Amino acid sequence: MVLHFTDSPVIDNHCHTIDPQKAILDRVSLVSEFYHGMKDIPQNDVHPWRWKASETLRQHLPNLGVVQTMIFQLSKLLGCAPELDAVVASRNSHTIQSFSSYVKMLYQDAGIVGTVLDSGLPPGDPLFDLFPGKVMRLFQMSTAIRRILKNALSYREFLNSYQNSLDHAVRQHGFIGVKAHVAEVVGFGVETIEFTEAHFASAKAGDIEAYKKLYLTIFTETLRQCQELRIPMHLHTGITGGIWDGSITNADPFLIVPLLRRPEFIQTRVVLLHGSYPWIQHASMVAHALPHVWVDLSWTTPWSALRLVESWRDVIGVMPLSKLIFGSGGHGTPEIAWLSAKTTKIALQHVLEDNVTLGLLNSKQAKRIGQMILHDNATRLYNQ
């Protein structure tokens, strides 16, 4: 029995803005797009987001497993040699004619019909038009906190402004969820606190520890508000960034279970983004134990391209498969979302066929599970 997901529709549960400035890329720029979250050796007076690959790093970037997979898969689509220079030249020959047509070709080839977008773009921005299919927006909690903190004179004023901003985004502009970075800012293994006006004044003055307290307090308030608005909280988990200010082990989803299982939050749907990589089995177990927790495998797909079969095998282990959703973590270039969908279909086919061969599923069940993960679970989560 051979499963086929080639023509199955896909909803990308987690993606960032496509950048038209990256329509034309050289070989270093293209492969650098797949070096997500990591940086070269830090340099004095160079902002970490404005790094340039050193000569040493340039030698290694093309040898990332995900880049090798991109070269092979893209060469098949574009009809060129499976070599980096040939792929770059062929890609640019398409994008120089029409970047939007190139994006549309990739999304049609991968079957991506909807995108959940994590972006600070204002409503109606023309960049949304680059995404083929339906675009659904996430409210960025961190961005809202920083913006409102500048002008608020008290915590009560701050909280009211924040909650009104979220309410307006959902009710007036159709935002479908909230994105938070608790692991990086605070760490998952923390308890809620009693926040005071003194804490607020310190946070506004730039005190880092007070800002952490503010962030955690607003996070718990947002979990409650998500219940009222009937939208999920998207929670960044796992190691998809580089060197953070805190310990990277603070991103293990096991650490936030005591908070998520509290009675006041049990009605808030929470999506663990990125499969909590490398704690994929932990994410699966949390989603098994807590009825309101879902798992998305963005970043894991496509960055762990050469072990995607193992990643998907891990995550389907114990959790309800009705709460598992596909995502890419794409940004900048459309090849990331495209490659994520292509490689996920390959991995799911392999994993589910194995389970049929072992007598653990029948072919009808396996086909249905694949379609749920790629598309149907997301439509149910967002009531689309």
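Listed values, structure above:
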item: Which numbered condition residue 194 misses (of (1) surrounded by fewer than 17 Cβ atoms within 10 Å (Cβ to Cβ); (2) touching a Ser or Thr at 6+ places or on another chain (Cβ under 8 Å); (3) not β-branched (Val, Ile, Thr)); result: (2)
item: Unmet requirement for residue 107, which otherwise passes all of (1) aromatic (Phe, Trp, Tyr); (2) part of a helix (DSSP H, G or I); (3) modelled with pLDDT under 95; result: (3)
item: From the options 194, 228, 209, residue that is charged (D, E, K, R) and under 23 Å from residue 136 (Cβ atoms); result: 228
item: Counted residues, the range 342-363 - those being hydrophobic (A, V, I, L, M, F, W, C) and more than 27 Å from the chain's Cα centre (by Cα); result: 4
item: Filter result (more than 15 Å from residue 336 (Cα to Cα) and either in a helix (DSSP H, G or I) or aromatic (Phe, Trp, Tyr) (or both)) within the range 114-132; result: 126, 127, 128, 129
item: Candidate set: the range 1-24, residues that are assigned to a loop (DSSP other than H, G, I, E, B) and touching a strand residue (DSSP E or B) at 6+ places or on another chain (Cβ under 9 Å); chosen: the one surrounded by the most Cβ atoms within 10 Å (Cβ to Cβ); result: 9
item: Number of positions in the range 91-123 that are of a type in the set (A, V, I, L, M, F, W, C), surrounded by 20 or more Cβ atoms within 10 Å (Cβ to Cβ) and farther than 18 Å from residue 79 by Cα; result: 3
item: Subset of the range 217-238 (residues that are among the charged types (D, E, K, R) and under 21 Å from the mean Cα position of the chain (by Cα)); result: 230
item: Matching residues in the range 298-338 - criterion: being among the small types (Gly, Ala, Ser), crowded, with 24+ Cβ neighbours inside 10 Å and over 15 Å from the mean Cα position of the chain (by Cα); result: 305
item: Selection status of residue 159, part of a helix (DSSP H, G or I), touching a residue at least 40 places away in the same chain (Cβ under 8 Å) and touching a Ser or Thr at 6+ places or on another chain (Cβ under 8 Å); result: no
item: Cross-chain or 6+ apart pairs with Cβ under 6 Å, the range 22-41 first and at positive phi, then modelled with pLDDT under 95; result: 37/240; 37/241; 37/242
item: Within the range 218-239, considering residues that are touching a strand residue (DSSP E or B) at 6+ places or on another chain (Cβ under 9 Å) and hydroxyl-bearing (Ser, Thr, Tyr), the one surrounded by the most Cβ atoms within 10 Å (Cβ to Cβ); result: 237
item: Number of the exception - residue 255 against (1) farther than 27 Å from residue 61 by Cβ; (2) in contact with a helix residue (DSSP H, G or I) (Cβ under 7 Å, 6 or more places away or on another chain); (3) not aromatic (Phe, Trp, Tyr); result: (2)
item: Answer residue from the range 231-250, given it is modelled with pLDDT of 90 or more and outside any loop (DSSP other than H, G, I, E, B) and is farthest from residue 381 (Cα to Cα) among those; result: 236
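The values are calculated or read from the model by the stated rules, or taken from the named source; none is laboratory data. Given the structure is predicted, the values throughout are model-derived calculations rather than measurements. Cβ atoms come from the backbone with ideal geometry, glycine included; neighbour counts cover every protein chain shown.
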